[in-house]
Each structure stands twice: as structure tokens, then as C-alpha cells.
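The values are calculated or read from the model by the stated rules, or taken from the named source; none is laboratory data. All values derive from a computational prediction rather than experimental measurement. Counting neighbours? That spans all protein chains shown, and the Cβs are built from the backbone with ideal geometry, glycine included.
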Amino acid sequence: MSSGNIFLVGMMGAGKTTLGKALAQRLDQEFVDTDRVLVERTGVPVATIFEIEGEEGFRRRESAVLAEIATRENCVIATGGGVVLAESNRRLMRESGTVVYLRARLENLWDRTRHDSTRPLLSTPNPRAKLAELLEARDPLYRDAAHVVVDTGSQSAATLVTRVVAALRGLEPAAGSGP
Ligand code: S3P
């Protein structure tokens, strides 16, 4: 776990990108957003990748980008909400960095995604129910991937950064306790 990479996982609307940028700044590390890399590479929005290649095609591309980014060092990496669906992605993140699950309540997630039309999985007649369904199905996967779980609510990014940094410090072995 010496790569210095920090992977942020969690649902759409959990604030991975906002927190990730602020955390990267605080730690003086590079910020990378896997969705953003995908969009830059393909030249089209995420919704278009879903339209043309289906979710399966999107997931293939997402896993490839993740594998590539995982080889870098000292990055703060915001991942897409569905990255944990593949067991191989969960293992890769755990083995190549520290994984932080930004856990949010359904109400907060809904507040932050309800006016956003860029997420294809929520383009359904009942997006709130879909969000609830995804949260229930994925919460165990986020936990499985994560070294630490940080609860998010309506606090500022700065407050959250402080809490994440404290949680990460808590993972470090105490000085002098090594072999
Ligand atoms: C997805 C989340 C999105 C994006 C895609 C699929 C998901 O990223 O990768 O729309 O399956 O939860 P964010 O979590 O950044 O919204």
C-alpha cells in the first residue's frame, strides 16, 4: 500500500469529485476523476457511451481506465459510483492504495442528483427509487472495497477533508510499531 494513491468510492451524489479535489489540494497530490478521463478519451459524455455501448461497454472502459490510473502514484482518485461492481476493481483498488467509502444517506444523494440529467442510470421514470435500489445493492460492495468509511452529510468540503485526513492517519501504523 505504498503507492500513496487514495481511491474515493461511493454513490452518485456522495461528493467524490468535490471532496477529491479539496483532499488532493490539502495533501498536495494530483487529482484524477475516472469519469472525466473516460470522457476526455472518448470525446463524448458518459450518457453517450451508455447509449452506444450499453452499461457493459462503459464498465469495460471504466475498468481499463482504473487499471491504468492505479499504476500511478500519490493521486487522489474519484471513481464512478459503479466501479465497485466488479470484484477485480475492488481488489485492484485495495491492493494499490487506500480506499475511502464516502457514505451518504439516500436523502442527501437524492438532493444532489435530482436536478442532474447527466447520469444515465437515473434516466428512469422513478429515479429516486432507482437510487434507493442502487444504494441498497452497492453499500456492501463499497464496504467490501473500503479501508475506511467516512459519513457525509451537509458539512463543507473543508470539514470533510479534515475528517478524511484524520481517518487516513488512523490507518497508519503508530511510529515505532513496525517490524
Ligand atoms: C455511475 C456513476 C457515475 C458514472 C456513470 C455510472 C454509477 O459517476 O460513472 O453514470 O453506476 O453509479 P458518479 O458516481 O461520479 O456520478
If you check GLY43, GLY54, which single one turns out to be away from the ligand (no atom under 13 Å from the Cβ) and on the phi > 0 side of the Ramachandran plot?
GLY43
Suppose we filter ARG94, ARG143, ARG128, ARG138 for residues that are under 14 Å from the mean Cα position of the chain (by Cα) and more than 27 Å from LEU27 (Cα to Cα); which single one remains?
ARG138
Selected residue (criterion: surrounded by the fewest Cβ atoms within 10 Å (Cβ to Cβ)) from residues of the stretch 4-22 that are more than 15 Å from the ligand (Cβ to nearest atom) and among the aliphatic types (A, V, I, L, M):
ALA22
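Conditions (1) modelled with pLDDT of 95 or more; (2) more than 25 Å from GLU133 (Cβ to Cβ); (3) under 15 Å from the mean Cα position of the chain (by Cα), marked per residue:
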{"position": "PHE7", "(1), (2), (3)": "yes, no, yes"}
{"position": "ARG36", "(1), (2), (3)": "yes, yes, yes"}
{"position": "PHE50", "(1), (2), (3)": "yes, no, no"}
{"position": "SER63", "(1), (2), (3)": "yes, no, yes"}
{"position": "ALA67", "(1), (2), (3)": "yes, yes, yes"}
{"position": "LEU85", "(1), (2), (3)": "yes, no, yes"}
Pair list, Cβ under 6 Å, 6 or more apart: the stretch 49-61 residue in contact (Cβ under 8 Å) with a residue 60 or more places away in the chain, other residue assigned to a helix (DSSP H, G or I):
PHE50/PHE58; PHE50/PRO120
Counted residues in the stretch 62-79 being of a type in the set (Gly, Ala, Ser), out of contact with any strand residue (DSSP E or B) (no Cβ under 7 Å at 6 or more places or on another chain) and touching a residue at least 60 places away in the same chain (Cβ under 8 Å) come to 1
Scanning the stretch 37-48 for residues that are part of a helix (DSSP H, G or I) and free of Cβ contacts under 8 Å to residues at least 60 places away in the same chain, which turns out surrounded by the fewest Cβ atoms within 10 Å (Cβ to Cβ)?
GLU40
From ARG90, ARG112, ARG138, grab the single residue that is under 16 Å from GLY10 (Cβ atoms), modelled with pLDDT under 95 and out of contact with any strand residue (DSSP E or B) (no Cβ under 7 Å at 6 or more places or on another chain).
ARG112
Does the stretch 107-116 contain any residue that is away from the ligand (no atom under 16 Å from the Cβ) and farther than 24 Å from VAL37 by Cβ?
yes
